Amino acid sequence: MTRTVSESFTLTHAKYLASKVTTDLWRCQQLYGQPTAGAINDYGTELALMLRDGFVSKYEFGFQVGEERLLSWRYTVVNGDLTATDDRPGHIASGVDISQARFFNQLTHSSAWSDLTQEEREKWEAFYPVKRVIKDGPKDGHGYWQKDLQYSSNGVSLPRETFRPY
């Protein structure tokens, strides 16, 4: 007797990955007071749906002063990585003075999103809980990027990098 199993990346897998990023958002809120609870729930829902549909390539949130990053967490979507580790979320840098900074949340669409017609994109945008304005994210400020954690589920991984001030 033989058995063939076929797995695909489902909403369950996407929710799992989004829950890791959402945990980082909650920890950020605990340490720095932002984003709000309602925004965190919306961000998590949006990310899970966009991961499921393959419409996101990068996801970032943090704090910026003017047009420069002060403190930030960036996740890059990597497909087909069956050997990726799955770390516990958290380990958010603490003690950074954000009194002059504002919170930002940036999403970079994938080529699958670009392949949609304008009408299809508008239909999807109306469905997602976060209404985004397409713009470039902040530039690197006075600090450095550090690769720190990685989240993975069923061949999709989200390596995380943290931008920390000097």
Residues satisfying the stated conditions in region 117-132, i.e. out of contact with any Phe, Trp or Tyr (no Cβ under 7 Å at 6 or more places or on another chain) and part of a loop (DSSP other than H, G, I, E, B):
117, 128, 129, 131, 132
With respect to residue 94, is the statement that it is in contact with a Gly (Cβ under 7 Å, 6 or more places away or on another chain), surrounded by fewer than 20 Cβ atoms within 10 Å (Cβ to Cβ) and among the polar types (S, T, N, Q) true?
no
Does region 58-67 contain at least one residue that is crowded, with 17+ Cβ neighbours inside 10 Å, of a type in the set (D, E, K, R) and either under 26 Å from residue 155 (Cα atoms) or without any contact (Cβ under 8 Å) to a residue 12 or more places away in the chain (or both)?
yes
If we take region 1-109, then strands (runs of 3 or more DSSP E) inside it with 1 or more residues that are modelled with pLDDT of 95 or more and small (Gly, Ala, Ser) are 56-65, 68-76
Does any residue of region 102-117 turn out to be without any contact (Cβ under 8 Å) to a residue 40 or more places away in the chain and more than 28 Å from residue 9 (Cα to Cα)?
yes
Find all pairs meeting these conditions: Cβ atoms under 8 angstrom apart; at least six residues apart or on different chains; first residue within region 85-100 and under 10 Å from residue 71 (Cβ atoms); second residue among the basic types (Lys, Arg) and in a loop (DSSP other than H, G, I, E, B).
none
With respect to residue 19, determine if the residue is surrounded by fewer than 18 Cβ atoms within 10 Å (Cβ to Cβ) and touching a residue at least 12 places away in the same chain (Cβ under 8 Å).
yes
Restricting the search to region 111-123, which residues are surrounded by 11 or more Cβ atoms within 10 Å (Cβ to Cβ) and within 18 Å of the chain's Cα centre (by Cα)?
112, 113
Looking at region 99-109, is at least one residue surrounded by fewer than 18 Cβ atoms within 10 Å (Cβ to Cβ), over 17 Å from residue 31 (Cβ atoms) and touching a helix residue (DSSP H, G or I) at 6+ places or on another chain (Cβ under 9 Å)?
yes
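The values are calculated or read from the model by the stated rules, or taken from the named source; none is laboratory data. Remember, predicted model here, so these are calculated numbers, not experimental data. Ideal geometry is used to build each Cβ from the backbone, glycine not excepted, and the neighbour counts take in all protein chains shown.
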